[in-house]
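All remarks here apply to the structure that follows.
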Amino acid sequence: MSTAAEPFRVEIPQADLDDLRDRLARTRWPEAETVDDWSQGVPLAYLRELAAYWRDDYDWRPTEARLNALPQFRTEIDGLGIHYLHVRSPHADATPLLISHGWPGSVVEFLELVRPLTEPEDPADAFHVVAPSLPGFGFSDKPAEAGWTIERTAAAWAALMARLGYHRYAAHGVDWGSFLTGVLGETDQDHLIGIHLAMPFALPPEQQVELDQRDYAGLAALKKFQAEEGAYSVLQATRPQTLGYGLTDSPVGQLAWMVEKYWAWSDHDGDLEKVVPRDRLLDAVTLSWLAGTGASSARIYWESHNKMALAPVHVPTACSVFPKDARFPKPWVAGRFTDLRRFTDHEHGGHFPALEQPEVLVQELRSFFRTLS
């Protein structure tokens, strides 16, 4: 691996896809849940039907072609091979935009954003898009040693943007990418135009602040989440290696582990596939399966979960908060992000805005960063 930008193409061997189908056909299924909802996890009937579709009807090759239609590269940063999309706008003066995914995501969730961000009708809305794969995710290398924290990854992203010649850039993040983008706001502020966060995290301020009913509802939802849905993060933060054996050996295990989160964290009326189409769900799961990242992607929790300082950030900041996502009180967020320019509390949407509401996210990015360029 070299520090030069080496062009990259996704070329999954057919034998790997055949092996996936064979494993799906030989799944050893558990008995059905004893309830009529998702409170014990993914219902057996739904997962069997989805796995059958994955085995018999889903085609990875179109998504591989969508990835390969975009300029992709790998480069070595801090001793690790990093994969990234780098799509320059035809408008030379476009704003460089670094976008960072989280778990259980990957760069495939951003594919629908690339064209509207790089080729808008108004050149003032144009971005040069850089979308790296987090260490241990997708086509980036899996760290062979401990220490790849969010802070270290943020430093790698700053190095990547400098290496690409972007001395002033904007940044957007979701999930772990939101944490990472916040850290960039702390550590690379001299090069940041501003940051946009979906799911901003903040600690209670030292001084007393006034909260409204939406703030209290958000705190109640966070408490309920920890009680009813937080087990995945505890397991990934404490025993990612043990979990990884099952996810790496069983495609249905990988499918259930991820699809449960898309179902729980997206804003829908009980039918997830109305907001995230079935093939887009399987794009995410298939990439994780083919890349074998069950353990390596979980280790981000072991490295950084509940271990971050959440220090003050002074660069211009905008936040898009969605009702099915974590919502910290606005006064807490303003206490950490001291130059909070926008706090948009959306009526609809969840944890995956690039998949659920790509048009809304694109418009948020355009309208905020246009004010800073």
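Remarks
- Residue match in segment 280-289 (condition: more than 15 Å from the chain's Cα centre (by Cα), farther than 27 Å from Ala237 by Cα, surrounded by 20 or more Cβ atoms within 10 Å (Cβ to Cβ) and among the β-branched types (Val, Ile, Thr)): no
- Of everything in segment 191-206 that is aliphatic (A, V, I, L, M) and part of a loop (DSSP other than H, G, I, E, B), the residue that is farthest from Gln363 (Cα to Cα) is Leu203.
- The conditions of being within 17 Å of the chain's Cα centre (by Cα) and in contact (Cβ under 8 Å) with a residue 60 or more places away in the chain are not met by Ala311.
- As a summary of the residue check, Cys319 satisfies the conditions (1) touching a residue at least 60 places away in the same chain (Cβ under 8 Å); (2) closer than 23 Å to Glu186 by Cβ; (3) under 20 Å from the mean Cα position of the chain (by Cα); (4) surrounded by fewer than 22 Cβ atoms within 10 Å (Cβ to Cβ) except for the one numbered (4).
- Per the listing Pro143, Pro104, the residue uniquely under 30 Å from Glu33 (Cα atoms) and either in a helix (DSSP H, G or I) or under 19 Å from the mean Cα position of the chain (by Cα) (or both) is Pro104.
- Test result for Glu273, in a helix (DSSP H, G or I), of a type outside the set (A, V, I, L, M, F, W, C) and touching a residue at least 40 places away in the same chain (Cβ under 8 Å): no
- Residue check, Ser100 surrounded by 13 or more Cβ atoms within 10 Å (Cβ to Cβ), in contact (Cβ under 8 Å) with a residue 24 or more places away in the chain and touching a Gly at 6+ places or on another chain (Cβ under 7 Å): yes
Let's see how each residue does on (1) surrounded by fewer than 23 Cβ atoms within 10 Å (Cβ to Cβ); (2) part of a helix (DSSP H, G or I):
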{"site": "Pro116", "(1), (2)": "yes, yes"}
{"site": "Val130", "(1), (2)": "no, no"}
{"site": "Ala159", "(1), (2)": "yes, yes"}
{"site": "Tyr166", "(1), (2)": "yes, no"}
{"site": "Leu180", "(1), (2)": "no, yes"}
{"site": "Gln208", "(1), (2)": "yes, no"}
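- Only one of Ala227, Ala256, Ala264 that is of a type in the set (A, V, I, L, M), at pLDDT below 95, out of contact with any strand residue (DSSP E or B) (no Cβ under 9 Å at 6 or more places or on another chain) and part of a helix (DSSP H, G or I): Ala227
- Only listed residue being modelled with pLDDT of 95 or more and among the acidic types (Asp, Glu), chosen from Asp325, Asp345, Asp283: Asp283
- Pair list, Cβ under 7 Å, 6 or more apart: segment 218-231 residue in contact (Cβ under 8 Å) with a residue 40 or more places away in the chain, other residue of a type in the set (Lys, Arg): Gly218/Arg327; Ala221/Arg327
The values are calculated or read from the model by the stated rules, or taken from the named source; none is laboratory data. Nothing here was measured: the structure is a model prediction, and the numbers come from that model. So basically every Cβ, Gly included, is an ideal-geometry build from the backbone, and we count neighbours across all protein chains shown.
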